[in-house]
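The values are calculated or read from the model by the stated rules, or taken from the named source; none is laboratory data. Remember, predicted model here, so these are calculated numbers, not experimental data. Here the Cβ is made from the backbone with ideal geometry for all residues, glycine too, and neighbour counts use every protein chain on show. What goes into the accessible areas is simple: the full protein's heavy atoms, side chains included, and nothing from ligands, DNA or RNA. Shrake-Rupley method; radii C 1.70, N 1.55, O 1.52, S 1.80 Å.
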Amino acid sequence: MGIAWIDLVPDADPAALATFYAGTPGLPQGSEAENSEIEFDALPIERVDGRYRIKHVFDDDDEQLADLVAWLAAHTELVSRVFVALDHDEYGAEHIVLDTHEGAVRRLYHYYAYPRLDDGSYYTDGEPLRACCRLPVIEEPVGVSDPGVLVDGQLARSTVAAL
């Protein structure tokens, strides 16, 4: 299962994102969601600042959700930032924060929460989503022993906090 909160740029109409998606034949070749039947079933929420946030829930293939929101952010001028939370069942969970900066989508934060075994070691049988791993990062983690830390650091955390 996965959920994404997609923040739109100022003055963007949430229906425009759904219209853009509905008029698109599918995700690009090579995408894990390329041949899927994805329904853009999302709930627009008006924030106090007048901008819109779209809440999008996927019950099944969470890899498609991460692919979809990254693709929408890259191919429309409507998305300002995205928070994705994915539940990989017994393989852990994943949190990804994306934003658009100077026309490009980048990862501000990315953490894969691997489950731990009784001895405290990580069970690393699952792996982070490949689509989001190809996006540029704001900062590489340095000197981290947790294998789930993919994008983190002082700059990453302060940028996410400022959102």
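Using amide H atoms built in the peptide plane, which far-off residues or other-chain residues are under 5 Å from TYR109 H to H?
It is VAL97, by chain and number.
Students sometimes get this wrong: rank VAL144, VAL151 by accessible area, probe 1.4 Å, all chains present, largest first.
Final ranking, largest accessible area leading: VAL144, VAL151.
May I ask you to rank ASP152, ASP87, ASP118 by accessible area, largest first, using a 1.4 Å probe over the protein chains only?
ASP118, ASP87, ASP152
Heads up, I need the accessible area for PHE83: 1.4 angstrom probe, whole protein in place, Å², nearest 10.
Around 70 Å² of this residue is reachable by solvent.
Please work out how much length the chain gains when fully extended from SER145 to ALA16, using 0.36 nm per residue of separation minus the C-alpha to C-alpha distance, in nm with one decimal.
The SER145-ALA16 span can extend by a further 42.1 nm.
Just to confirm a number: summing +1 for Lys and Arg and -1 for Asp and Glu over residues other than GLY153 whose beta-carbon lies under 14 angstrom from that of GLY153, what do you get?
Net local charge, GLY153 excluded: -1.
Can you give the local net charge around VAL137? Use residues other than it whose beta-carbon is closer than 10 angstrom to its beta-carbon, Lys and Arg +1, Asp and Glu -1.
-1
With every protein chain left in place and a probe of 1.4 Å, what is the accessible surface of LEU163, to the nearest 10 Å²?
It works out to around 80 Å².
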